[in-house]
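Take a look at the structure set out below.
Read-outs throughout are calculated quantities, based only on the coordinates presented, and are distinct from any laboratory measurement. Since the model is a prediction, treat every value here as computed from it, not as a measurement. Neighbour counts are summed over all protein chains in view; Cβ atoms, including those assigned to glycine, are modelled from backbone coordinates with ideal geometry.
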Amino acid sequence: WEKLVRVMRMPRERTYIMVKPDGVQRGLVGEIIKRFEQRGFKLVAMKMKAASPELLQQHYADLSSKPFFPGLIAYVGSGPVVCMVWEGTDVVKTGRKMLGETKPLESNPGTIRGDYCIDVGRNIIHGSDSVDSANKEINLWFTPEEICEWRSMEEPWVYEKA
Ligand code: UDP
Ligand code: MG
């Protein structure tokens, strides 16, 4: 019975995390991956991509009426980004906590933005803000074949009920 439950269980929650072009240029990709890995989250998809304006307009569609929208599209399209899907219990909300606030100067030290950036228009990383947007963003940036289901041998050491 326990085995059946394990087999049938849905994957844990997933979030879309993206290192923006400034994070890539500044050599922060490894540091960002390290933080999610060491927290115990599981990487299930990753790629580098030069995003088109169309893709970025879709990704940031909710912000299309904002005055900073054209600048935002130019910024995130100014170089390659590193796209990732991370999996784990409560990873959407926890990922946002790890990122810090949208404005880096309002982010606590110890968060990614609080440790590595200053300007809101150069805040090095994106993270989904809800489970619903995470699912939309994962579908926008990745095909199902690009998502890798794998069993981490760390799982029973990270989760009490693995
Ligand atoms: N942004 C900006 N000026 C602002 C607010 C946001 O340039 O006044 C940029 C910033 O790069 C931010 C992105 O737009 O990360 C998306 O905004 P959102 O409010 O979704 O912030 P996030 O979810 O990234 O914290
Ligand atoms: Mg957002």
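Remarks
- 5 angstrom amide H check on residue 142, placed H, neighbours 5+ away: none
- Footprinting exposure proxy for 124, 118 (fewest neighbouring C-beta atoms within 10 Å first): 118, 124
- Charge dipole (debye, nearest 20) of the chain; +1 at Cβ of Lys and Arg, -1 at Cβ of Asp and Glu: 160 debye
- Placing unit charges on each Cβ (+1 for Lys and Arg, -1 for Asp and Glu) gives the chain a dipole about its Cα centre, and among 147, 159, 28 the Cα reaching farthest toward its positive end belongs to 159.
- Close amide H partners of residue 107, meaning residues 5 or more places away or on another chain with modelled amide H under 5 Å apart, are 101.
- Between helix 131-141 and the chain: long-axis angle, C-alpha atoms, 0 to 90°, nearest 10: 70 degrees
- Computed on the Cα atoms alone, the convex hull of segment 21-100 gives a volume of 109 cubic angstrom per residue.
- Normalising by residue count, the chain has a Cα convex hull of 115 Å³ per residue.
- Couplings 3J(HN,Hα) for segment 71-86, derived from phi with the Karplus relation 6.51 cos²θ - 1.76 cosθ + 1.60 (θ = phi - 60°), are x, 5, 5, 5, 4, 6, x, 7, x, x, 10, 10, 9, 9, 10, 10 Hz, where x marks Gly and Pro.
- Percentage relative contact order, segment 92-135, counting C-alpha pairs under 8 Å, at least six apart: 39 percent
- Among 68, 142, 36, 41, a tally of other beta-carbon atoms within 10 Å of each Cβ gives an order, fewest to most, of 68, 142, 36, 41.
- Spin-label zone in segment 105-131 - amide nitrogen under 14 Å from a point set 7 Å from the Cα of residue 78 along the C-beta vector: 118-125
- Per-residue Karplus couplings for segment 22-27, computed as 6.51 cos²θ - 1.76 cosθ + 1.60 with θ equal to phi - 60°, are listed in order as 5, x, 5, 4, 8, x Hz, Gly and Pro entered as x.
- Taking all Cα pairs closer than 8 Å and separated by 6 or more residues, the relative contact order of the chain comes to 33 percent.
- Sorted fewest first by neighbouring Cβ atoms within 10 angstrom, 63, 28 come out as 63, 28.
- Take the Cα of residue 12, step 7 Å toward its Cβ, do the same at residue 61, and the gap between the two points is 3.0 nm.
- Sequence-distant lysines (8 or more away, or on other chains) whose Cα lies within less than 28 Å of residue 66: 20, 49, 93, 97, 103, 136
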